[in-house]
Amino acid sequence: MTAQREFQFTDRDFRCLQRLVARHTGITLSPAKRDMLYSRLARRLRALGLRRFKEYCSLLQEDGHGEELRHFTNAVTTNLTAFFREPHHFDYLREEFLPAMMERRAQVRRLRIWSAGCSTGEEPYSIAITLADAVPPEWDVRILATDLDSNVLDRARRGIYSEERTAEVPERLKRKWFLRGRGENRDKVRVRRELRDMIRFRQLNLMHEWPMRGPFDAIFCRNVIIYFDKPTQSRLMDRFADILADDGRLFLGHSETLYRVTDRFQLLGRTIYRKVP
Ligand SMILES: C[S@@+](CC[C@H](N)C(=O)[O-])C[C@H]1O[C@@H](n2cnc3c(N)ncnc32)[C@H](O)[C@@H]1O
């Protein structure tokens, strides 16, 4: 069927884009996402002066279109996130994970956390706030925050948010870790430099080679694998298990499960996993 819209978009074009999305991001797009794909990519066709999705598919398949591939992958990702999203994970960090880790790592005094699929930064900043509040300042604490989407990473690095987005940050921590904007920015807040300095934001496609060696003490990969098919999830979990410390923890999103995906992790409860020894 060809929709009567600004740009011609056939079933074949949709299948072609589905394949390209899967190849470049690991994301599986169901037919229900067809309209979403049209509206997100229509902007790109307009910018490029194209008339049909067929031309856009051909362009993406040609060599030397890395820049367009970047726009394409940025357009197909879903970036919904929030500060202290799924708050039980941060309660667990504060009440169980950090006290135990601080005992076990007392000699090295080092902690490494990875926020994989960090979107606009609310997740790694929530981790940083929790760590900064609990771990003595002389410890070497670093958070790696990665995402495929270069636009969200730019926003994450700036660390500027509308005041209303920080509603879930407890008042005491908000006063401690956010600076209030002035004048025309008075409805905005900025994360303090000390917190920004704890985080390295890097572009990384989880489907590609990873430059870091680990081990990480915790990996947060929340609300990311929900978009991948099971074989892709299995491969990724295998790699997470390899790069996670033996006593590390893996945190997934509320609707994600490793049931029938991998046997390398064991559920501790509420989407928190430990590595199977
Ligand atoms: C819904 S957001 C989740 C943000 C945050 N983890 C949370 O739970 O609030 C999913 C993020 O995963 C990223 N993502 C999707 N596929 C990816 C891939 N292949 N490699 C790296 N990041 C990816 C998207 O760009 C998006 O920012």
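FYI, it's all coordinate maths here, none of it is from the lab. From a predicted model like this one, the values you see are computed outputs, not experimental measurements. Here Cβ is always computed from backbone atoms with ideal geometry, including for glycine, and neighbour counts include all displayed protein chains.
So how far apart, in nm, are the two label points at residue 54 and residue 259 if each is 7 Å from Cα heading toward Cβ?
Reported label-point gap for residue 54 and residue 259 is 4.5 nm.
If you take every residue apart from residue 162 with its C-beta less than 9 Å away from the C-beta of residue 162, what net charge results, scoring Lys and Arg +1 and Asp and Glu -1?
-1
Considering only 97, 169, 205, whose Cα is most displaced toward the positive end of the charge dipole of the range 87-275, charges sitting on Cβ of Lys, Arg (+1) and Asp, Glu (-1)?
The residue sitting most towards the positive pole is 169.
For labels at residue 226 and residue 78 in the simple 7 Å Cα→Cβ model, what's the distance in nm?
Rounded to a tenth, the inter-label distance reads 0.6 nm.
What are the lysines whose alpha-carbon lies under 18 Å from the alpha-carbon of residue 176, with same-chain residues fewer than 8 places away excluded?
Correct list for residue 176: 188.
What is the projected area of the convex hull of the Cα atoms of the range 56-120, averaged over all directions, in nm²?
7.3
Within the P(r) computed for the chain, what percentage of the Cα pairs occupies the region above 30 Å?
So the portion of pairs separated by more than 30 Å is 37 percent.
Treat the count of other C-beta atoms within 10 Å as a stand-in for reagent exposure and order 220, 14, 178 from fewest to most.
In increasing order of surrounding Cβ atoms, one gets 14, 178, 220.
Provide the FRET efficiency to the nearest 0.05 for the residue 209-residue 63 pair, computing r from the beta carbons and using R0 = 30 Å.
With a Förster radius of 30 Å, E is 0.90.
Could you size up the charge dipole of the range 11-76 around its Cα centre, putting +1 on the beta carbon of Lys and Arg and -1 on that of Asp and Glu, and report it in debye to the nearest 20?
260
For 273, 125, 259, 92, what's the fewest-to-most ordering of other Cβ within 10 Å of each Cβ?
Fewest-to-most ranking of 273, 125, 259, 92: 259, 92, 273, 125.
Give me, ordered by chain and number, the residues 5 or more places off residue 118 or on other chains with an amide H under 5 Å from its own placed amide H.
Long-range HN contacts for residue 118: 146, 147.
Taking the chain as a whole, which cysteines find no other cysteine Cβ under 4.7 angstrom from their Cβ?
Lacking a cysteine Cβ partner under 4.7 Å: 118, 221.
On the principal axes of its Cα set, how long, how wide and how thick is the range 1-130? Give whole Å, largest value first.
Over the range 1-130, Cα extents along the principal axes are 62, 29, 22 Å.
Evaluate the distance, in nm, between pseudo-label points positioned 7 Å from the Cα of residue 246 and of residue 155 along their respective Cα→Cβ axes.
4.2
Normalise the Debye intensity by I(0) for the range 11-76, one equal point scatterer per Cα, no solvent, then take log10 at q = 0.27 Å⁻¹ and round to two decimals.
-1.51
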